[in-house]
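Input: a single structure, listed below in structure tokens.
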Amino acid sequence: MTSLATSPLDILRFLEARDAAGEDCALVTLTRIEDASPRALGAQMAVAESGDYIGSLSGGCIEAAVAAEALDALATGAARLVRFGKGSPYVDIRLPCGGGIDLLFTPRPDPAAIRTAVARLAVRRPAGLSLAANGVRFCEPIAPPQWRGDSFVATYVPQLRILAFGQGEELTALAELAAAAGAALAAFSPYRRDVEALRASGIDAALLAHRGARPDIGFDPWTASVFLFHDRDWEEVLIPWALEQPGFYVGALGSRRTHAERRAILEAAGVAAEAIGSLRSPVGLIPSTRDPSTLAISILAEMAEQYASEALLASPTPAPERAPDFAG
């Protein structure tokens with residue numbers, strides 16, 4: 001299933017593929033925001049010497065100008081830091097939000113550094129790239145993306161991973177929406193009909209053979225799990241197991257009354273109070289949703305919010321206000 005938008009990993013893979021094809025590229029990174037910006041600090045584009053590019057830094061209003069600047073950086077071979085929008089020498093190029101952004105253009109990023117970052121992300125480990133006037137190198141990640149001396153450190157974390165357990169339209173709606181949004185997804189159901197329908201949509205789905213079964217899957221800090229069953233028999237083994245894992249989110253379908261009963265069952269099973277307290281139920285940002293599509297949107301929004309705010313790396317120091325001067 002095709003994702004709705006370009007991910008940071010897509011940009012790195014673009015660089016990797018173009019290098020394998022013998023085509024030079026420039027990496028463009030958003031390193032400073034003044035007032036407002038359509039994209040977050042650390043957002044990137046990659047521009048190939050053919051003029052093809054991937055990613056966006058404004059939603060469409062400056063990408064052509066950015067691509068032209070990247071091609072000029074490729075021609076000179078020198079990194080440069082350029083302001084677009086407020087305070088830019090390009091008075092005819094403005095951001096709709098009225099803000100200003102600094103973009104770092106780094107031509108011909110080291111292919112070995114890009115391959116290392118892609119390989120780290122492939123095994124769901126975070127990666128970093130240090131971008132400087134003298135080139136690009138792999139480094140350990142930090143957060144948020146920031147200047148460290150004369151280098152800007154861009155951090156890449158594994159994509160949001162969702163493990164969805166359940167049945168019926170609640171499960172299939174969430175799975176299809178999450179896959180379309182670009183999440184790494186695995187779905188599990190006790191019903192063959194659900195599994196077959198999801199597989200027909202290109203979604204990784206597996207059958208829960210019996211109530212005592214726990215799938216042989218790995219969790220990590222960028223994993224969310226959600227339980228969409230209409231009875232608690234399947235939850236009794238699976239939820240305590242999920243609460244023991246290193247994921248950042250565990251949620252379960254049900255009303256407040258249902259959740260109170262669920263808490264009592266978990267307490268009787270010896271699950272720690274802190275773990276029970278971390279279980280989200282009712283799930284989702286939209287209260288009292290009663291149709292599968294809205295519920296899916298509500299749950300995915302809650303997961304995405306939590307992923308953005310808590311599942312990233314802790315920030316060791318705040319980013320400095322000013323960047324070093326670049327020639328060019």
(request) Please determine, in degrees from 0 to 90 and to the nearest 10, the orientation of helix 111-122 with respect to the longest principal axis defined by the Cα atoms of the chain, where the helix direction is its Cα long axis. (result) 10
(message) Quick check: the angle from helix 8-20's long axis to the longest principal axis of the chain, C-alpha only, nearest 10 degrees?
(response) 50
(request) For Trp241 and Arg39, compute 0.36 nm times the residue count separating them, minus their Cα-Cα distance, and round to one decimal in nm. (result) 69.0 nm
(request) Please identify the longest segment of the chain free of exposed trypsin sites (Lys or Arg not before Pro), where exposed means a DSSP state other than H, G, I, E or B and no more than 11 other Cβ atoms within 10 Å. (result) 1-289
(message) Normalised by the empirical 2.2 N^0.38 Å for globular proteins, what value does the Cα Rg of the chain take?
(response) 1.13
(message) Around Ala272, under 13 Å between beta carbons, what's the net of Lys plus Arg minus Asp minus Glu among the other residues?
(response) -2
(request) Among Gly128, Gly168, Leu207, pick out the residue whose Cα is farthest towards the positive end of the charge dipole of region 93-233, where Lys and Arg carry +1 and Asp and Glu carry -1 on C-beta, about the Cα centre. (result) Gly128
(request) Hey, for a label at His210 modelled as a point 7 Å past Cα toward Cβ, could you say which residues of region 217-259 have their backbone N under 17 Å away? (result) 233-238
(request) Just need log10 I(q)/I(0) for region 8-156 at q = 0.13, 0.14, 0.16, 0.21 Å⁻¹, Debye formula, equal scatterers on the alpha-carbon atoms, no solvent, rounded to two decimals. (result) -0.52, -0.61, -0.80, -1.38
(request) With +1 on each Lys and Arg Cβ and -1 on each Asp and Glu Cβ, and nothing else charged, work out how big the dipole of the chain is about its Cα centre, in Debye to the nearest 20. (result) 340
(request) Let me have the 222 nm mean residue ellipticity of the chain computed from DSSP H runs of 4+ only, each contributing -39500 (n - 2.57), with the sum over all residues rounded to the nearest 500. (result) -10000 deg cm²/dmol
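No value in this document is a laboratory result; all are computed from the given coordinates. Just so it is clear, the model here is predicted, and its values are computed rather than measured. When we count neighbours, we look across all protein chains shown, and the Cβ atoms used for this are built from the backbone with ideal geometry, even at glycine.
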